[in-house]
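Colleague: Got a structure for you, questions after.
The values are calculated or read from the model by the stated rules, or taken from the named source; none is laboratory data. Predicted model, so just to flag it, every value in this text is computed and none were measured. Glycine gets a Cβ as well: all are built from the backbone with ideal geometry, and neighbour counts include every protein chain shown. In case anyone asks, the SASA skips ligands and DNA or RNA and just uses the protein heavy atoms, side chains included. Shrake-Rupley method; radii C 1.70, N 1.55, O 1.52, S 1.80 Å.
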Amino acid sequence: MSDISSLAQISKQAIIGKNVTVSAFTTIYEDVEIGDNTWIAPNVTIFQGSRIGKNCKIFSGAVIGAVPQDLKFHGEYSTAVIGDNTTIRECVTINRGTEDKETTTVGSNCLIMAYSHVAHDCIVGNHCILSNGTQLAGHVTIEDWAIMGGMSGALQRTRVGAHAFVSGGTLIGRDVPPFTKIIYTPGNYAGINTLGLLRRKYSREQMQYISDIYKLIYQSELNLSQAVEQIKNTIADSEDKKSILTFIAETKNGIILKSNNRNESNSIE
């Protein structure tokens, strides 16, 4: 049975699942769906078009599904969708989409930390972490298992590949390839995301294989096109290789550049 505070304001047109907690001074508008076992703290606002999954936790001050901060938005119908088992901490803002994608999506098993912003038409995958104060401009894509460090930012329409790590305070204006570690502003390549891959149970052999691919891209005298051809011809096929080459082929912004930092390393030690 749900636990709904008498001091919460909930539209009769909202759909509330089983065992949902809605605390005092929270407002839930019409055309909202809240999944089973979700917990909502005091002073949360959930606007129309929001779809919240099961077993989510939404902390005080969060605003979900507000209209986009986009002058091209003209009131068209759109949604903000959040998957299951996702935690949204204090004062997070997640805007709904525009006519471009018609939705903003945050996947399942994500942690969106305090004061982060997910703008219109963003796609955040599953198992992602946006650390405190992360700022995503419109149309940004964050792929599965990627992590954005505190106070980091992504410019409009950039992409962060799966298993990538963007360090705190970094601003990215180009696409971040899968498995990489990005530091500084503007973002620069600083090796592969060894710690993240270890947590995902990647073996030393797998990490060395990924490192060898990025050595050709970032630590050889080859340009990107030449490096891609070299990878195709000399590195054994695998799903990891395929995902890296597909990501590069699909980039519209170019990929993050090589760092001039002397501490740069592709070491997996």
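Colleague: Name the single residue, out of those in the stretch 237-269 being of a type in the set (A, V, I, L, M, F, W, C) and more than 13 Å from I213 (Cβ to Cβ), that is modelled with the highest pLDDT. Before you say what the answer is, go through the steps one by one.
Modeller: Kept after step one, since they are of a type in the set (A, V, I, L, M, F, W, C), are these residues of the stretch 237-269: 244-245, 247-249, 255-257, 268.
Applying the additional criterion that residues be more than 13 Å from I213 (Cβ to Cβ) yields 249, 256-257.
Details: A249: 98, I256: 94, L257: 82.
Looking at residues that are of a type in the set (A, V, I, L, M, F, W, C) and more than 13 Å from I213 (Cβ to Cβ), I get A249.
Colleague: Would you be able to say whether some residue in the stretch 88-111 is under 16 Å from V20 (Cβ atoms) and touching a Cys at 6+ places or on another chain (Cβ under 8 Å)? Working first, answer last.
Modeller: Here is the first cut: in the stretch 88-111, the ones under 16 Å from V20 (Cβ atoms) are 88.
With the extra rule that they be touching a Cys at 6+ places or on another chain (Cβ under 8 Å), the set shrinks to 88.
Yes, the conditions are met somewhere in the stretch 88-111.
Colleague: Across the stretch 53-90, what is the number of residues that are open to solvent by 50 Å² or more (accessible area, probe 1.4 Å) and under 22 Å from F25 (Cα atoms)?
Modeller: Total satisfying the criteria: 6.
Colleague: Take the conditions open to solvent by less than 20 Å² (accessible area, probe 1.4 Å) and touching a residue at least 12 places away in the same chain (Cβ under 8 Å) and apply them to T141. Does it pass? Lay out the reasoning, then the answer.
Modeller: Numbers: open to solvent by less than 20 Å² (accessible area, probe 1.4 Å): no; touching a residue at least 12 places away in the same chain (Cβ under 8 Å): yes.
When the stated conditions are applied, T141 does not pass them.
Colleague: Also: Which condition does S243 not pass, out of (1) surrounded by fewer than 23 Cβ atoms within 10 Å (Cβ to Cβ); (2) free of Cβ contacts under 8 Å to residues at least 40 places away in the same chain; (3) of a type in the set (S, T, Y), if it passes all the others?
Modeller: The number of the failed condition is (2).
Colleague: Right, here's the next one. Pairs, please: C-beta under 6 Å, at least 6 apart or cross-chain, first residue in contact (Cβ under 8 Å) with a residue 12 or more places away in the chain and more than 18 Å from C128 (Cα to Cα) and in the stretch 86-100, second part of a loop (DSSP other than H, G, I, E, B) and among the charged types (D, E, K, R)?
Modeller: G97/D121; T98/D70; T98/D121; E99/E76; D100/D121
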